[in-house]
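Trainee: The following block contains the structure, expressed as structure tokens.
The numbers here are math on the coordinates, done by the rules we state, and not lab data. All values reported here derive from a predicted model rather than from experimental measurement. Positions of Cβ are generated from backbone atoms using ideal geometry, with glycine treated the same way; all protein chains shown enter the neighbour counts.
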Amino acid sequence: MFDKPVKVLQIFLPLFALILCFSQVSCVVYPELVEKGLKSPKSERCGDCHRDIYAEWKESPHASSFINSAFREETNEYQFAFCIGCHAPETIFTSEKIEPRGVNREEGVNCSSCHLNDCKLSGPTPAHGPHPITEKNLFYRTSELCGKCHVGTFKTWQESGAAEGRKTCQDCHMPAIKRKLIQDDPWQKIYPKRDGKQHLFSSGTLFHGNENLLKLSFIQVTRSEGKIEGVLELENTGVPHSIPTGDYGYREVVVTVALLDKAGRIADLIRESLFVELKTALPYKGKKCIPFCFRRSENSFVIKATMVRTSFHKDRNVLLAETTRNL
């Protein structure tokens, strides 16, 4: 007759114990998660509980920042040691130069890089956890966090005046989401959903379907029997740093204007590249004009302009903006 009450107690007593524990102070069940050096845990350990965040990070540029082929080639197989501190950092929480990790470098910018602070794990919201943890750290809500490594971009963001509008790096590159921070039992049972950020660190999600950030316009277009002339105007209306941006490495944005026939085939094409180093990058609220002149035929149908962020090997392109004009 006591079987049913006993089973209920077996189910709920551990849960009550967890709630009581977390209502007072975090229970240190996994102290090894804040180890440094040779004992430093891999990010998959964090993924045991923070499954959604780990899955996002694993596919992000941060996870491959050390092992990607472009970084290897541009540093001559890691010969430029000063680059490694930001591509495989021990932790960004330092007033000195960011030091590279000695272990798990293949994980690039991993969980510990941004969340391990003074032998405790921290984040932007108040929380309790089964590992050493600090109260909420408002530093995570500022662009200065990203500026620890992305120095040049942070500087242009400051100079753009966007700081006055409180639009941070995280607002654009870490989309807002409401969910449970933990997906593993039994911990997820005591955590409510809360406002958080996706750990994508990508510009692709920013530009997808958003036509208000970069504007392409055809102006002064004239048509005669023999040619089509005009100007393509580029305007950075909503990205609070230059396009492209960054400090080192290969950063190229390719702008093309193409004359297409009725079948969609390219009849003529002009191409121009934007580089930070050549001072041709498009600044915030800045404009740039690219003139074009095509030989006109009876089959000329449309002019199309695209703005694409390309990769070192030209194998990955991110469409930033496009526009067309019928003839």
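Trainee: Taking a virtual spin label 7 Å from the Cα of Glu322 along the C-beta vector, which residues in segment 287-308 bring their backbone nitrogen under 17 Å of it?
Mentor: Within reach of a label on Glu322: 301-308.
Trainee: Could I ask something else about it? Regarding segment 265-304, what whole-number volume in Å³ per residue does the convex hull of its Cα atoms give?
Mentor: Values: hull volume 3.9 nm³, N = 40.
Spelled out: Cα convex hull of segment 265-304, divided by residues, is 97 Å³.
Trainee: For segment 209-326, what is the charge dipole size about the Cα centre, in debye to the nearest 20, if Lys and Arg each add +1 at the Cβ and Asp and Glu each add -1 at the Cβ? The partial results should precede the final answer.
Mentor: Values: 18 positive and 14 negative charges, 18 e Å.
Its charge dipole is roughly 80 debye.
Trainee: Still on this structure, I have one more. Can you tell me the Rg and the Dmax, both Å, for the Cα atoms in segment 209-326?
Mentor: In order Rg, Dmax, the Cα atoms of segment 209-326 give 14.9, 47 Å.
Trainee: Between Lys58 and Cys293, with labels modelled 7 Å along Cα→Cβ, what's the label distance in nm to one decimal, could you check?
Mentor: Modelled inter-label distance: 5.6 nm.
Trainee: Only helices at least 24 Å long along their axis, Cα-based, and averaging -0.5 or more on Kyte-Doolittle count here, so list those DSSP H runs from the chain. It would help to have the intermediate numbers written out before the result.
Mentor: Details: long enough: 3-24 (32 Å, 1.22).
Taking the DSSP H segments of the chain (at least 24 Å long, mean hydropathy at least -0.5), we get 3-24.
Trainee: What is the magnitude of the charge dipole of the chain about its Cα centre, with +1 placed on the Cβ of each Lys and Arg, -1 on the Cβ of each Asp and Glu, and no other charges, expressed in debye to the nearest 20? Walk me through the numbers on the way to the answer.
Mentor: On the way: 44 positive and 39 negative charges, 152 e Å.
Taking the Cα centre of the chain as origin, the dipole is about 720 debye.
Trainee: Please compute the modelled spin-label separation between Ala263 and Leu38, points set 7 Å along Cα→Cβ, answer in nm with one decimal.
Mentor: 6.7
Trainee: If I model the chain as equal point scatterers sitting on the Cα atoms and use the Debye formula, what is log10 I(q)/I(0) at q = 0.12, 0.13 Å⁻¹?
Mentor: -0.92, -1.02
Trainee: Let me ask something else about it. Step through the table entries Lys97/Lys180; Lys167/Lys279; Lys178/Lys287; Lys279/Lys314; Lys155/Lys197, compare each Cα-Cα distance with 28 Å, and write down the pairs that go over it.
Mentor: Values: Lys97/Lys180 35 Å; Lys167/Lys279 25 Å; Lys178/Lys287 37 Å; Lys279/Lys314 21 Å; Lys155/Lys197 23 Å.
Where the Cα-Cα span goes over 28 Å, the pairs concerned are Lys97/Lys180; Lys178/Lys287.
Trainee: Another one. May I ask for the Rg/Rh ratio of segment 29-124, computed from Cα atoms with Rh as the Kirkwood radius, given to two decimals?
Mentor: On the way: Rg = 13.3 Å, Rh = 13.8 Å.
Value, to two decimals: 0.96.
Trainee: Output the peptides 218-224, 76-82, 297-303 sorted from most to least packed, where packing is the average of other Cβ atoms within 10 Å over each peptide's residues. List each step's numbers first, then the result.
Mentor: Details: 218-224: 11.6, 76-82: 9.9, 297-303: 15.0.
Final packing ranking: 297-303, 218-224, 76-82.
Trainee: Here is a follow-up. If contacts are Cα pairs under 8 angstrom and at least 6 residues apart, what is the relative contact order of the chain in percent? Present the calculation step by step, with values, prior to reporting the outcome.
Mentor: Working: 590 pairs, mean separation 43.6, N = 327.
Relative contact order for the chain comes out at 13 percent.
Trainee: Still on this structure, please answer the following. For segment 21-202, take the alpha-carbon Rg, divide it by the Kirkwood Rh, and send me Rg/Rh.
Mentor: Numbers: Rg = 16.7 Å, Rh = 17.3 Å.
Rounded to two decimals, Rg/Rh equals 0.96.
Trainee: Can I ask one more? Packing-wise, with mean Cβ within 10 Å as the measure, how do 176-185, 144-153 rank, highest first?
Mentor: Values: 176-185: 14.4, 144-153: 17.9.
Ranked by mean Cβ neighbours within 10 Å, highest first: 144-153, 176-185.
Trainee: Sequence-distant or interchain residues sharing an amide H contact under 5 Å with Val302, placed H: which?
Mentor: Leu260, Leu327
Trainee: Put a dot 7 Å past each Cα toward the Cβ at Thr134 and Asn76; how far apart are the dots in nm?
Mentor: 3.8
Trainee: Filter the cross-link list Lys148/Lys215; Lys136/Lys288; Lys58/Lys285; Lys120/Lys285; Lys39/Lys189 down to pairs whose alpha-carbon distance in this structure exceeds 32 Å. Provide the component values of the computation, followed by the final result.
Mentor: Details: Lys148/Lys215 30 Å; Lys136/Lys288 43 Å; Lys58/Lys285 34 Å; Lys120/Lys285 41 Å; Lys39/Lys189 30 Å.
Over 32 Å Cα-Cα: Lys136/Lys288; Lys58/Lys285; Lys120/Lys285.
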